[in-house]
Amino acid sequence: MKSFFNLKSWRGRSLRSRVAFAAVVVTGLALAAPGASTATTMSSKKPLIVWIDTSRIPYEQAYMKANPGANIKWVIYNGNENGTGVLQSKFALWNRIGWPSVAPDVMFDSQNYDAVQLGTAPYNDLLSLSKYVPASVLKGYAGHSMSACTTPSGKIVCLRNDTAADVLWVNQGLYTKFFGKAPVPTTWSGIVADGQMLKKGHPGYTVGDIGDEFDDDFIYWGNGCPLDQVVGANTVEIDPTNLACTKINNLLDNSGLEGNAISTTYVFAAGGFPAAKVVMMVGPLWYGTAVFENGKKAPDGVPNGTMAAYPPPLSVLGKPITGALGGGLWLVSSHSSQPAAAAALAEFMSTSPKVQAVGVDAGLPDYTPDQAAYVGSFGSVFANPVVSGKAWETAAAEVWNGWGPTPWSTDAAWASTVVPGVTATPPSTLGKQMNSFALALANDARLAGWTVKSTSKCINSFGGSGC
Amino acid sequence: MTDPLVTVAPGEHASARRGRRSRWRRERPPAGGSRTAGYFFVALYVAMLLCLGVAPTVYAISLALRTSHGLGVGNFVDSYHLPEFMPAFKHVLLFEAIWLVSQSVLVVSLALMVHNLSRRVSATFRFIFYLPGAMAGAASVVIWLFMFTPTTSPFAFIEHALHYTLLANTVTPANLPVLFAIMAFWTGAGGWIVVMHGALNNVPTELIEAAEIDGSNVFQTALRIKLPLIRKWVVYMLVLSFASGTQLFVEPQILGIATGGEVPPQWSPNQLAYYLAFQLDRFNEAAAISVDLLVFGLLVAVLIVWRGKLFEVQ
């Protein structure tokens, strides 16, 4: 549920560089504020104000190259990075005191769940785009991905930028070394079986990681466990006792792999993550260049051309679904004085192959007509570019729409309730911590004024007394 | 010689010779001109206080009392029933208990120890104690982020002894009150040691000499003579620290963002209010929680002042 770029640029580095990065961003903001690159223009019309994050600067350059002389004021902000709520706080204040002329017309947003919150009451600050964007374009986005842009009443309040669906990353050389010509696993139990073989025969090598602040996205979202299922206006179903949830918990907890072949460290740990020991790992598309082929030498990285992407494993209940970890959105303000121009710009950013083909690092375009050209540019980056490209496209279409856009972060709840336990020595199990995770989600939902539906005694009890 | 300020000088001069009378004289209200200057300086402060202190408080109270059905206490009731409300107050109270006890004991004992050292050594120590206080707020959180991370911390040996290998092992829900107490201690203790030292300098030397002549050792002098005489300063420290402690915000907020949410964004009451106002656009309930904090801080301050006899004239 977090941005591709947010994670790559912020979490994807050591603590030291995080701090350095923060300093750079702060300086960048200070520099950008007064002199944000205003396009020279002959018209005296008010420029469109577009807010983007630092990772989207190549998009700005691509746009200006395709539309020279466009009257746009580009402003750098943090992309509403997880936990900062820049848009929420600014919109809330502007709704009280009136919208100033510096308010943005178009915004890039790195948080999947922001659009529906900002497009519905009490905010109601996003433009309904169905009037401005042709239906044929809206149908072009991968799988169910536009559900993050659709309010309960059916309004389209954003356009997708990129997708960060989960795939199975495989170190092709290591896999052939240990498993010969056996096909790459297509199920979770297949991954666990391979892990058990490695634990016995080649200790130190891993088949996954569950210690990150966002691993709930592939463990539960990717397995169809209803912890964030929007079932009506401001109503969410949170059901930790569902078979999909208990089955994946039991599979991983009983495997004996947690803390060894399924590592419990961070993939972005400050002291380095042994990426060269990973034989396979379920993770988002961008892990390919951010975690593995990250320019570092072994043990923290592997050379280009080492990893290949395979389709995500079937869910524990046998469904072809997966989770996602990121993917940005383009929002248009309903307070814009030039709604048509603003919507057109958002559409161009989201769908134009000129913008959406700026490099393998940028993330797979969610707009499917752009995908073939994009995966065609893999070259020698991954071990098996054709298989990897297909796997990316498959995964993008398989992202489960059971996890909806809710105005709270499932990752933050996971980070505060489960991560301390699974990363402890000795680690606690997922099953033991399921209730506290689900209760934290339910509390977040109730705090946001949502109704929680559940069959769990724990969640329905007062103050969690029945957990 | 027409300047009224200068006319004070002879009295001052005479004070050396005439002892008692001069003291009475010095305490007389100053003559006209300086009184105007006094009003001027106070007026600046009062204007700032009205703009930045009183007006926001009045606004918060009016927001808190405004509900969808007119004026009432609905926002207070609603915010009280939020699932995060009681836990947030419990977190902060636990943090305050750890912090205030350790701060009182350590600040007072360090100040007493430093006060016994020679002047130059004591000044050096006070300067060193004060240094961490120079890095307050957000800057100190970034430094503590390094200190709490087992792979980068100079105190990693302590964390390894506790089987901590990742930041996530340190930043657990059970550890949070202790972590924030450590941060708050190092930010504030140095300043308070300097204040306590100043207070100790006001203890009359005759008193200490008399005690020593009566056979009091260093510890007895510190605990029986000096400590009771600086008691009011300790109470003063408690009042101010308690109030700032209930408003804990920056430390959990930044630690939470830096760890991807391991500190929930509603950990402290102030964070909960911020979250309601700026994440959920519910200003009225947020204002109700702010007013709760104000009332809570005032009640505890009144209690401490009353029990600690802070304003009693000796």
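Numbers below:
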quantity: Elements of type helices (runs of 4 or more DSSP H) contained in the stretch B:194-308, each with 2 or more residues being at pLDDT below 90; calculated: B:205-213, B:231-246, B:250-258, B:283-308
quantity: Qualifying positions in the stretch A:280-308 - surrounded by fewer than 24 Cβ atoms within 10 Å (Cβ to Cβ), in contact with a strand residue (DSSP E or B) (Cβ under 8 Å, 6 or more places away or on another chain) and β-branched (Val, Ile, Thr); calculated: A:302, A:306
quantity: Output for the stretch A:121-167, where each listed residue is over 20 Å from the mean Cα position of the chain (by Cα), surrounded by 21 or more Cβ atoms within 10 Å (Cβ to Cβ) and either on the phi > 0 side of the Ramachandran plot or of a type in the set (Asp, Glu) (or both); calculated: A:125
quantity: Residue list for the stretch B:260-301, restricted to those being within 23 Å of residue B:99 (Cα to Cα), of a type in the set (S, T, N, Q) and within 12 Å of chain A (Cβ to nearest Cβ); calculated: B:266, B:271
quantity: Unique residue being open to solvent by 10 Å² or more (accessible area, probe 1.4 Å) and not assigned by TED's automatic domain parsing to the domain that holds residue A:334 when the list is A:207, A:184; calculated: A:184
quantity: Test: residue in the stretch A:355-378 that is away from chain B (no Cβ under 14 Å), in a loop (DSSP other than H, G, I, E, B), at positive phi and within 19 Å of the chain's Cα centre (by Cα); calculated: yes
quantity: Elements of type helices (runs of 4 or more DSSP H) in the stretch A:379-435, at least 2 residues being at pLDDT below 95 and within 14 Å of chain B (Cβ to nearest Cβ); calculated: A:410-417, A:419-422
quantity: Residue among A:247, A:200 that alone is farther than 26 Å from residue A:164 by Cα and of a type in the set (Lys, Arg); calculated: A:200
quantity: Criterion violated by residue B:139 - all others in (1) crowded, with 17+ Cβ neighbours inside 10 Å; (2) modelled with pLDDT under 90 satisfied; calculated: (1)
quantity: Residue within the stretch B:212-221 that is open to solvent by 40 Å² or more (accessible area, probe 1.4 Å), in contact (Cβ under 8 Å) with a residue 12 or more places away in the chain and of a type outside the set (Lys, Arg) present; calculated: yes
quantity: Every residue from the stretch A:222-240 that is modelled with pLDDT of 95 or more and outside any strand (DSSP E or B); calculated: A:222, A:223, A:224, A:225, A:226, A:227, A:228, A:238, A:239, A:240
quantity: Per-region count, the stretch A:221-247, residues open to solvent by less than 10 Å² (accessible area, probe 1.4 Å), in contact with a helix residue (DSSP H, G or I) (Cβ under 6 Å, 6 or more places away or on another chain) and touching a residue at least 60 places away in the same chain (Cβ under 8 Å); calculated: 6
quantity: Qualifying position, being away from chain A (no Cβ under 14 Å) and either surrounded by 22 or more Cβ atoms within 10 Å (Cβ to Cβ) or not basic (Lys, Arg) (or both), among B:255, B:229; calculated: B:229
quantity: Positions within the stretch B:62-81 being more than 29 Å from the chain's Cα centre (by Cα) and either within 12 Å of chain A (Cβ to nearest Cβ) or part of a strand (DSSP E or B) (or both), in sequence order; calculated: B:66, B:67, B:68, B:70, B:71, B:78, B:81
quantity: One residue from A:109, A:105, A:114 being touching a strand residue (DSSP E or B) at 6+ places or on another chain (Cβ under 8 Å) and within 11 Å of chain B (Cβ to nearest Cβ); calculated: A:114
quantity: Test result for residue A:251, modelled with pLDDT of 95 or more, hydrophobic (A, V, I, L, M, F, W, C) and open to solvent by 50 Å² or more (accessible area, probe 1.4 Å); calculated: no
quantity: The stretch A:309-327 - residue that is under 22 Å from residue A:196 (Cα atoms) and over 20 Å from the mean Cα position of the chain (by Cα) and, of those, surrounded by the fewest Cβ atoms within 10 Å (Cβ to Cβ); calculated: A:318
quantity: Scope the stretch A:424-443; condition of a type in the set (Gly, Ala, Ser), out of contact with any strand residue (DSSP E or B) (no Cβ under 8 Å at 6 or more places or on another chain) and buried (at least 23 other Cβ atoms within 10 Å of the Cβ); matching residues; calculated: A:438, A:440
quantity: Residues (within 11 Å of another protein chain (Cβ to nearest Cβ) and assigned to a helix (DSSP H, G or I)) located in the stretch A:442-458; calculated: A:442, A:443, A:444, A:445, A:446, A:447
quantity: Counted residues, the stretch B:67-92 - those being surrounded by 14 or more Cβ atoms within 10 Å (Cβ to Cβ) and either out of contact with any Lys or Arg (no Cβ under 7 Å at 6 or more places or on another chain) or not assigned by TED's automatic domain parsing to the domain that holds residue B:175 (or both); calculated: 15
quantity: Residues of the stretch A:428-459 that turn out to be in contact (Cβ under 8 Å) with a residue 24 or more places away in the chain, in contact with a Pro (Cβ under 7 Å, 6 or more places away or on another chain) and under 24 Å from residue B:283 (Cβ atoms), as a count; calculated: 2
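Table: residues versus (1) farther than 25 Å from residue A:412 by Cβ; (2) at pLDDT 95 or above.
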site: A:109; (1), (2): no, yes
site: A:116; (1), (2): no, no
site: A:127; (1), (2): yes, yes
site: A:133; (1), (2): yes, yes
site: A:139; (1), (2): yes, yes
site: A:151; (1), (2): no, no
site: A:171; (1), (2): yes, yes
site: A:184; (1), (2): yes, yes
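Yes or no, residue by residue, for (1) crowded, with 17+ Cβ neighbours inside 10 Å; (2) under 20 Å from residue A:161 (Cα atoms); (3) within 14 Å of another protein chain (Cβ to nearest Cβ):
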site: A:65; (1), (2), (3): no, yes, no
site: A:71; (1), (2), (3): yes, no, no
site: A:74; (1), (2), (3): yes, yes, no
site: A:78; (1), (2), (3): yes, yes, yes
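The values are calculated or read from the model by the stated rules, or taken from the named source; none is laboratory data. Worth saying up front: this structure is predicted, and the values here are computed from it rather than measured. Neighbour counts are summed over all protein chains in view; Cβ atoms, including those assigned to glycine, are modelled from backbone coordinates with ideal geometry. Areas reflect the complete protein model, heavy atoms only, side chains present, ligands, DNA and RNA absent. Shrake-Rupley method; radii C 1.70, N 1.55, O 1.52, S 1.80 Å.
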